[in-house]
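K.L.:
Would you mind keeping the following structure in view while I ask a few things?
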Amino acid sequence: MHHFHYQNNELYCEGVPVKKIAAKVGTPFYLYSSATLNHHYRVFDGAFEGFPHIVCFAVKANANLAILRLLANQGAGADIVSGGELHRALAAGVDPGKIVYSGVGKRPDEIRTALKAGILLFNVESSMELGEINRIAGRMGRKARVGLRINPDIDPKTHPYISTGLKKNKFGIDIERAYQDYLRAMELQHLEVIGVACHIGSQITEVDPFLDALERVKELIGRLEQAGIPIRYLDLGGGLGICYDQEEPPHPHEYGEKIVDRLRGLKVTLILEPGRVLVGNAGILVTRVLYTKGSEAKHFIIVDAGMNDLARPSLYGSYHGIRSVVKRPGPRVKASLVGPICESGDFLAKDREMAAFAPGELVAVMSAGAYGFSMSSNYNARPRVAEILVQDQEFYVIRKRETYRQLTWGENIPEILK
């Protein structure tokens, strides 16, 4: 569910007209509903009630400080994949004891910073990384808490770019090799082995791939316990999908019930890393029509948001619903909603039936709260857009629109060129 709804043919976010926000801050902008975020977190967290667990929000989905603080206030931790995400999580007030650090390319300086912060654990993704974390922890006089991220070779039945649990993917350690790496890790002085992790992909709309991965991880945990290696944390990752169009993903309660049922008798704390399922439908991208053009063969609606603002349609061929901010009677057309970027791949919707938008009208691109702003860029020297959060009857600018001056921050013309 979400709190974007129509009143008298006008789109509202909770109690605020979207048109009112556009008049104040300009377009394009990302718009988030705090009520939706709070509701989604409570439902997801509640799905695992009665079983020890930690919900670590996947910061890569949406890294805005206000979003992270809102979720931290609900009790969420953070799943991070970079030093920058660690910085953001700590700045937002996330408890370091609820931060897990994943990712295949952790730099030495990032590992040091995470150790200083006292994060819960590192999800280690290679044998070499295991040795590097041990070396750095030793030099710092610390012990690093670690788990190994297992690649269970499970097909998540999702887009290949967001599949992470197959042998051909770069993520994790082959499940057959992992046992030997655990034995090695136990011999390394500066590591404390406490967990097992896996993550098979994103936008997964069936429970079975998660259950299949869980069974393989449980088998490994059993082998480890027989070898005298007790596992305290089982990180099952994230990846639960949402409805963008006609998808029918399982409800978090169904997902949680089936996961918990498979965990009965296992004395671990479950770590979950939801991202999209919490924020995806809690945000939209609002843009304004600049021009229309077309012929008998093709119709284009040109808006002021482009692929630099929302990369998912160009990158994955992803579907986002297109709605009028103010509904009006009139015909519908088959058209492509495109932006101003100098690329043929710059589109937000391609060859779809939609309202026959006219210049000046506002358009809402739905389900844009996850991997929207966080994947945006300054391509074509375009300032990144504003982010707005609504709570009840009020809205707050949680990120100002970038300026042209900020586009050249940090750049310098050397004397030799002057």
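K.L.:
Looking only at segment 206-248, how many residues end up being farther than 19 Å from D261 by Cβ and surrounded by fewer than 17 Cβ atoms within 10 Å (Cβ to Cβ)?
P.N.:
The qualifying residues number 12.
K.L.:
Conditions first: (1) modelled with pLDDT of 95 or more; (2) outside any loop (DSSP other than H, G, I, E, B); (3) among the β-branched types (V, I, T). I231 passes all but one, so which condition is the exception?
P.N.:
(2)
K.L.:
Could you pull out every one of the strands (runs of 3 or more DSSP E) wholly within segment 338-404 that has 2 or more residues that are free of Cβ contacts under 8 Å to residues at least 40 places away in the same chain? Even if it seems obvious, please write down each step before you answer.
P.N.:
On the way: elements: 347-355, 362-365, 386-391, 394-399.
Filter on segment 338-404 gives 347-355.
K.L.:
Would you point out which residue out of V16, V59 is in the same structural domain as I341 (by TED's automatic domain parsing) and touching an Asp or Glu at 6+ places or on another chain (Cβ under 8 Å)?
P.N.:
Values: V59 fails: in the same structural domain as I341 (by TED's automatic domain parsing).
After ruling out the rest, the residue left standing is V16.
K.L.:
Let me ask another. Is it true that S324 is out of contact with any Ser or Thr (no Cβ under 8 Å at 6 or more places or on another chain), farther than 30 Å from R88 by Cβ, at pLDDT 95 or above and outside the structural domain of N64 (by TED's automatic domain parsing)?
P.N.:
So S324 passes the test.
K.L.:
Additional query: Please list, ordered by first then second residue, the pairs with beta carbon atoms under 8 Å, 6 or more apart or interchain, first in segment 77-104 and in contact (Cβ under 8 Å) with a residue 40 or more places away in the chain, second hydroxyl-bearing (S, T, Y).
P.N.:
D79/S102; V104/S126
K.L.:
Of everything in segment 50-73 that's free of Cβ contacts under 8 Å to residues at least 40 places away in the same chain and of a type outside the set (A, V, I, L, M), which residue is farthest from R276 (Cα to Cα)?
P.N.:
N73
K.L.:
Just one of the numbered conditions (1) charged (D, E, K, R); (2) farther than 27 Å from A63 by Cβ; (3) touching a strand residue (DSSP E or B) at 6+ places or on another chain (Cβ under 7 Å) is not true of K418; which one?
P.N.:
Of the numbered conditions (1) charged (D, E, K, R); (2) farther than 27 Å from A63 by Cβ; (3) touching a strand residue (DSSP E or B) at 6+ places or on another chain (Cβ under 7 Å), the odd one out for K418 is (3).
K.L.:
Additional query: Can you find a residue in segment 244-254 that is in the same structural domain as Y233 (by TED's automatic domain parsing), more than 26 Å from N38 (Cα to Cα) and part of a helix (DSSP H, G or I)? Give the steps one after another, and end with the answer.
P.N.:
Filtering segment 244-254 for residues in the same structural domain as Y233 (by TED's automatic domain parsing) gives 244-254.
Then keep just the ones that are more than 26 Å from N38 (Cα to Cα); that gives none.
Within segment 244-254 (the criterion being in the same structural domain as Y233 (by TED's automatic domain parsing), more than 26 Å from N38 (Cα to Cα) and part of a helix (DSSP H, G or I)), the answer is no, since none of the residues qualifies.
K.L.:
Does E273 count as assigned by TED's automatic domain parsing to the domain that holds I150 and either closer than 15 Å to H39 by Cβ or surrounded by fewer than 24 Cβ atoms within 10 Å (Cβ to Cβ) (or both)? Even if it seems obvious, please write down each step before you answer.
P.N.:
Values: assigned by TED's automatic domain parsing to the domain that holds I150: yes; either closer than 15 Å to H39 by Cβ or surrounded by fewer than 24 Cβ atoms within 10 Å (Cβ to Cβ) (or both): no.
No, not satisfied.
K.L.:
Residues of segment 97-133 being within 19 Å of the chain's Cα centre (by Cα) and surrounded by fewer than 18 Cβ atoms within 10 Å (Cβ to Cβ), which ones? Give the steps one after another, and end with the answer.
P.N.:
Of the residues in segment 97-133, the ones within 19 Å of the chain's Cα centre (by Cα) are 98-106, 122-123.
V104, G105 - these are the residues of segment 97-133 that are within 19 Å of the chain's Cα centre (by Cα) and surrounded by fewer than 18 Cβ atoms within 10 Å (Cβ to Cβ).
K.L.:
Within segment 1-57, count every residue that is more than 15 Å from G77 (Cα to Cα), in contact with a Phe, Trp or Tyr (Cβ under 7 Å, 6 or more places away or on another chain) and β-branched (V, I, T).
P.N.:
Result for segment 1-57: 3.
K.L.:
What tally of residues in segment 134-153 results from selecting those that are in contact with an Asp or Glu (Cβ under 6 Å, 6 or more places away or on another chain) and either surrounded by fewer than 24 Cβ atoms within 10 Å (Cβ to Cβ) or assigned to a helix (DSSP H, G or I) (or both)?
P.N.:
Result for segment 134-153: 2.
K.L.:
Just to confirm my filter: which strands (runs of 3 or more DSSP E) fall fully inside segment 24-96 and include at least 3 residues that are hydrophobic (A, V, I, L, M, F, W, C) and modelled with pLDDT of 95 or more?
P.N.:
Working: elements: 29-33, 53-58, 77-80.
In segment 24-96, 53-58 are the strands (runs of 3 or more DSSP E) which contain 3 or more residues that are hydrophobic (A, V, I, L, M, F, W, C) and modelled with pLDDT of 95 or more.
K.L.:
Looking at V260, V268, which one is within 30 Å of E192 (Cβ to Cβ), in contact (Cβ under 8 Å) with a residue 60 or more places away in the chain and over 24 Å from the mean Cα position of the chain (by Cα)? Before the answer, list the steps.
P.N.:
Details: V260 fails: over 24 Å from the mean Cα position of the chain (by Cα).
Just a single option satisfies the conditions, and that option is V268.
K.L.:
With the structure loaded, tell me whether A78 is within 18 Å of A114 (Cα to Cα), touching a Lys or Arg at 6+ places or on another chain (Cβ under 9 Å) and assigned by TED's automatic domain parsing to the domain that holds L120 or whether it fails that test. Walk me through how you get there before you give the answer.
P.N.:
Values: within 18 Å of A114 (Cα to Cα): yes; touching a Lys or Arg at 6+ places or on another chain (Cβ under 9 Å): yes; assigned by TED's automatic domain parsing to the domain that holds L120: yes.
Criteria met by A78.
K.L.:
Further question: Can you find even one residue in segment 388-398 that is over 21 Å from the mean Cα position of the chain (by Cα), closer than 15 Å to D304 by Cα and in the same structural domain as K19 (by TED's automatic domain parsing)?
P.N.:
No, every residue in segment 388-398 fails to be over 21 Å from the mean Cα position of the chain (by Cα), closer than 15 Å to D304 by Cα and in the same structural domain as K19 (by TED's automatic domain parsing).
K.L.:
Check L315, L290 and return the single one that is surrounded by fewer than 17 Cβ atoms within 10 Å (Cβ to Cβ), out of contact with any Ser or Thr (no Cβ under 9 Å at 6 or more places or on another chain) and not in a strand (DSSP E or B).
P.N.:
On the way: L290 fails: not in a strand (DSSP E or B).
When all the criteria are applied, what remains is L315.
The values are calculated or read from the model by the stated rules, or taken from the named source; none is laboratory data. Since the model is a prediction, treat every value here as computed from it, not as a measurement. Heads up, the Cβs are rebuilt from the backbone with ideal geometry, glycines too, and the neighbour counts pull from every protein chain shown.
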